[in-house]
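Student: Handing you this structure, nothing more for now.
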């Protein structure tokens, strides 16, 4: 397990509530009369325009948090000939055979957190949610060990796979 399912779910709900609060605050600021607004000669915004601006502001906050911290799979299940990637949001599961995997690597995320990145032979990339260094490192080692056993691959084949994945 790279990231806690309950932790990711809590973070999703928390940041969704925070983004909604920001959207309502922006809407309220744009639609409520203000003494300063009258001094400056500014009127109130229309409710539909204010609702649109508030929704965009809240959506951008949530999208930024989602992309930076919540996106990606949270769990990797490694079997003898395949791996299963499970994500919380959206709830889905992807199964890859070890023969489909071109590269497996660790990428730094934010504040001592790491992401597991898996690239397939056809150029698809799968990236995990940020996880602890040890968990991500252990996942990379185990997947690479199983791939080596399944493929009998050497360093030249691994370098060619890395170049194929980087070019996509």
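Student: Between residue 47 and residue 32, what is the spin-label point distance in nm, taking each point 7 Å from the Cα along the Cα→C-beta axis?
Tutor: Here the modelled spin labels are 1.6 nm apart.
Student: Round to the nearest 0.05 the FRET efficiency obtained for residue 145 and residue 16 when R0 = 41 Å and r is the Cβ-Cβ distance.
Tutor: 0.60
Student: Okay, moving on. Based on the Cβ-Cβ distance from residue 57 to residue 4, what FRET efficiency comes out when R0 is 25 Å, to the nearest 0.05?
Tutor: 0.30
Student: Further question: Give me 48, 120 ranked fewest to most by other Cβ atoms within 10 Å of their Cβ, as a rough exposure proxy.
Tutor: The order, fewest Cβ neighbours first, is 48, 120.
Student: Quick check on the exposure proxy: order 110, 27 from fewest to most C-beta atoms within 10 angstrom.
Tutor: 110, 27
Each reported figure results from applying straightforward, stated rules to the coordinates on display, with no laboratory input. On a predicted model such as this, the values are computed, not experimentally measured, just so you know. Quick reminder, even Gly has a Cβ in these numbers, built from the backbone with ideal geometry, and neighbours come from all protein chains shown.
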